[in-house]
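These notes are about the structure you will find just below.
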């Protein structure tokens with residue numbers, strides 16, 4: 001083993017390590033010297049077989065190999081290195097960029113880049129930097145996927161506990177007995193149960209879900225969809241926000257009124273709710289196209305949406321239509337102002353054809369009353385309750401739809417001093 005075959009001292013925690021393999025000592029030394037000057041940590045090896053042994057023992061961000069070497073071709077070496085270190089970025093250096101070599105490299109070795117001999121220093125350094133960035137993105141995405149799986153597991157556990165509480169509430173109020181009895185044999189009852197879970201967790205979400213389904217049903221009634229797309233659109237309208245039941249209520253409240261106060265982690269959690277919704281939706285409707293529409297209902301036509309950054313026709317057609325209805329309902333604007341906002345975002349946020357379809361059917365749907373959440377001290381005469389207020393023992397104190405008078409507000413506050421009111425206060429806007 002030559003001096004160039006010896007692995008360098010251990011790299012720092014943030015220093016990318018690069019493996020260079022070339023049977024020509026002069027080229028190997030030149031590559032090593034060039035990249036070390038740029039701050040990279042380099043391991044150089046003149047034998048591809050010895051390099052494979054090194055790969056079995058440690059990881060590298062980037063693997064650079066010459067094509068023509070006596071022990072094996074660089075492409076064959078990179079194909080084998082992919083098996084050992086699949087996340088590493090692989091760069092092939094070759095003097096002849098023949099079409100068969102390129103095709104094999106793409107199909108078998110997943111080569112990140114080619115570098116032609118004689119290579120230019122600036123081009124080589126830029127290619128290696130891009131390769132390191134690609135490796136960082138891949139490893140970061142793997143970590144995010146692992147974290148997402150863990151969050152999904154916690155969400156399932158939280159959902160199981162929530163369903164148990166909902167069943168207790170159903171028994172007390174006797175409002176969901178029929179739906180529970182028919183759940184095992186009726187798809188429609190399963191969908192209805194999901195809506196009621198949303199309503200129990202957050203009445204605003206439940207109201208939006210009902211209106212969203214009405215919009216989806218009207219759009220699905222046109223000739224713009226296949227039968228499969230009609231089913232996916234309507235089912236996704238019911239199920240697209242199920243993932244939000246794992247989001248803390250305080251976070252939802254901030255998202256609606258004070259988005260700028262959300263942390264990056266909270267924003268990321270909210271942006272991942274279509275993924276959680278897709279997982280939960282599969283428990284009700286396991287058709288793959290339904291899950292795809294649920295997952296993509298917050299994608300943007302220009303590719304700047306979430307969670308996958310899909311753009312244009314890559315977004316399923318029902319999801320593009322659903323996104324327009326979601327944007328309309330979540331805007332919190334009057335009908336005319338919300339429609340103006342849709343038109344302003346047509347071609348960027350929304351598919352123009354989906355916007356035209358929504359406008360065509362928008363007058364066929366009776367919109368629900370706007371609901372907002374307030375604090376106890378914010379109650380004012382003339383406000384109309386959007387939900388009833390109950391005592392801790394389930395006794396109705398003030399019914400839904402009742403207009404508040406100064407005397408009623410005084411009684412509510414007096415009751416709260418004796419027995420705190422823990423439920424949320426919702427009024428019609």
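The values are calculated or read from the model by the stated rules, or taken from the named source; none is laboratory data. Model, not experiment: these values are computed from the prediction. Glycine also receives a Cβ, built like all others from the backbone with ideal geometry; neighbour counts cover every protein chain displayed.
Would you mention how many residues in region 46-70 are in a helix (DSSP H, G or I) and out of contact with any strand residue (DSSP E or B) (no Cβ under 6 Å at 6 or more places or on another chain)? Give the derivation first.
Our first condition is that a residue be in a helix (DSSP H, G or I); within region 46-70, this holds for 48-57.
In the following step, the residues that additionally are out of contact with any strand residue (DSSP E or B) (no Cβ under 6 Å at 6 or more places or on another chain) were identified as 49-50, 52-57.
Final tally of qualifying residues: 8.
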Report task. Quickly run through region 86-119 and pick out the residues that are surrounded by fewer than 18 Cβ atoms within 10 Å (Cβ to Cβ) and at pLDDT 90 or above. Result -> 86, 87
Report summary line: Note on region 297-340: residues free of Cβ contacts under 8 Å to residues at least 24 places away in the same chain, surrounded by 14 or more Cβ atoms within 10 Å (Cβ to Cβ) and either part of a helix (DSSP H, G or I) or not assigned by TED's automatic domain parsing to the domain that holds residue 360 (or both) are 327, 338, 339
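Which count do you get for residues in region 126-148 that are out of contact with any helix residue (DSSP H, G or I) (no Cβ under 7 Å at 6 or more places or on another chain) and either touching a residue at least 40 places away in the same chain (Cβ under 8 Å) or farther than 15 Å from residue 268 by Cβ (or both)? Before the answer, list the steps.
Pass one, region 126-148, residues out of contact with any helix residue (DSSP H, G or I) (no Cβ under 7 Å at 6 or more places or on another chain): 126-127, 129-147.
With either touching a residue at least 40 places away in the same chain (Cβ under 8 Å) or farther than 15 Å from residue 268 by Cβ (or both) added as a condition, the list becomes 126-127, 129-139, 142.
Count: 14.
Given the structure, is residue 255 in contact with a helix residue (DSSP H, G or I) (Cβ under 9 Å, 6 or more places away or on another chain) and not in a helix (DSSP H, G or I)?
Numbers: in contact with a helix residue (DSSP H, G or I) (Cβ under 9 Å, 6 or more places away or on another chain): yes; not in a helix (DSSP H, G or I): no.
So residue 255 does not fit the description; no.
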Report summary line: Expected single match for farther than 30 Å from residue 336 by Cβ and modelled with pLDDT of 75 or more among 381, 420, 392 is 420
